[in-house]
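*Asks:* Attaching a single structure in structure tokens format; questions to follow.
None of the figures in this text is laboratory data; all of them are computed from the coordinates on show. Note that the coordinates shown come from a computational prediction; the quantities given were computed from them, not determined experimentally. Note that each Cβ is placed from the backbone with ideal geometry, even for glycine, and that neighbours are counted across all protein chains shown.
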Amino acid sequence: MSAKQTSCGVIVTDGQRILLGHATRSPRWDIPKGMAEPDEAFAAAAKRELYEETGLTAPESELKPLGVFPYRPGKNLAIFVWRPPEMPDPKNLVCTSCFSWKGTELPEFDRFGVFSYQEALSLVGKAMAERLAAISLESLTGASS
């Protein structure tokens, strides 16, 4: 059985800038995202991952779906956009989602930043940069597409 898994992510934006987390032990930054559990709705998974990786709570009704896209071999990416009333202060965000490295539990993200759209494209990995570059700025600003 080779069903593709789906990672669900949230672009937190004010239409000009986007929130990224710095991946621990990596040069890369990324949007909050992670795998949907079996039978978990993609919006619910995106909301859960956003909370686990940043501490932010987005009402599911405010997560605007952009679609499900091929991402990596064996993996799709469901992307949602959330426009909070104001951009979060990166210093106040906390990642509680961890991975084990050499017997130590480390947070998936070790710090956060708010970046211009162009700057974000240069900080994320190649697959994410390609995906973000393909998303129209109108969909991030809330203009009708």
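*Asks:* Of TYR51, TYR117, TYR71, which residue is of a type outside the set (A, V, I, L, M), touching a residue at least 24 places away in the same chain (Cβ under 8 Å), within 18 Å of THR13 (Cα to Cα) and surrounded by 15 or more Cβ atoms within 10 Å (Cβ to Cβ)?
*Replies:* TYR117
*Asks:* Next up: Being aromatic (Phe, Trp, Tyr) and assigned to a helix (DSSP H, G or I) is the filter; apply it to the range 1-53 and report the residue that is farthest from the chain's Cα centre (by Cα).
*Replies:* PHE42
*Asks:* So which residues in the range 54-87 are touching a Lys or Arg at 6+ places or on another chain (Cβ under 8 Å) and in a helix (DSSP H, G or I)?
*Replies:* Matches in the range 54-87: GLU60, GLU62.
*Asks:* Can you name the residue in the range 120-131 that is among the small types (Gly, Ala, Ser) and within 10 Å of TRP29 (Cβ to Cβ) and, of all such residues, is surrounded by the fewest Cβ atoms within 10 Å (Cβ to Cβ)?
*Replies:* Of everything passing the filter in the range 120-131, SER122 is surrounded by the fewest Cβ atoms within 10 Å (Cβ to Cβ).
*Asks:* Okay, next question. Of all residues being hydroxyl-bearing (Ser, Thr, Tyr) and more than 12 Å from ALA78 (Cα to Cα) in the range 4-30, which is surrounded by the fewest Cβ atoms within 10 Å (Cβ to Cβ)? Just the residue, please.
*Replies:* SER26
*Asks:* Within the range 65-88, which residues are within 17 Å of ALA41 (Cβ to Cβ) and in contact with a helix residue (DSSP H, G or I) (Cβ under 8 Å, 6 or more places away or on another chain)?
*Replies:* PRO65, LEU66, VAL68, LEU77, ALA78, ILE79, PHE80, VAL81, TRP82
*Asks:* Do we have LYS91 as on the phi > 0 side of the Ramachandran plot and out of contact with any helix residue (DSSP H, G or I) (no Cβ under 9 Å at 6 or more places or on another chain) here?
*Replies:* Spelling it out, it is not the case that LYS91 is on the phi > 0 side of the Ramachandran plot and out of contact with any helix residue (DSSP H, G or I) (no Cβ under 9 Å at 6 or more places or on another chain).
*Asks:* Of all residues in the range 101-129, count the ones that are closer than 20 Å to ARG48 by Cα and either out of contact with any strand residue (DSSP E or B) (no Cβ under 7 Å at 6 or more places or on another chain) or part of a loop (DSSP other than H, G, I, E, B) (or both).
*Replies:* Residues flagged as closer than 20 Å to ARG48 by Cα and either out of contact with any strand residue (DSSP E or B) (no Cβ under 7 Å at 6 or more places or on another chain) or part of a loop (DSSP other than H, G, I, E, B) (or both) within the range 101-129 amount to 1.
*Asks:* Residues in the range 77-87 that are in contact with a strand residue (DSSP E or B) (Cβ under 8 Å, 6 or more places away or on another chain) and surrounded by fewer than 19 Cβ atoms within 10 Å (Cβ to Cβ): how many?
*Replies:* Here the count works out to 3.
*Asks:* Something else about it: Output the residues belonging to the range 88-115 that are under 24 Å from PRO59 (Cα atoms) and out of contact with any Ser or Thr (no Cβ under 8 Å at 6 or more places or on another chain).
*Replies:* The answer is ASP89, PRO90, LYS91, ASN92, THR96, SER97, CYS98, ARG111, GLY113, VAL114, PHE115.
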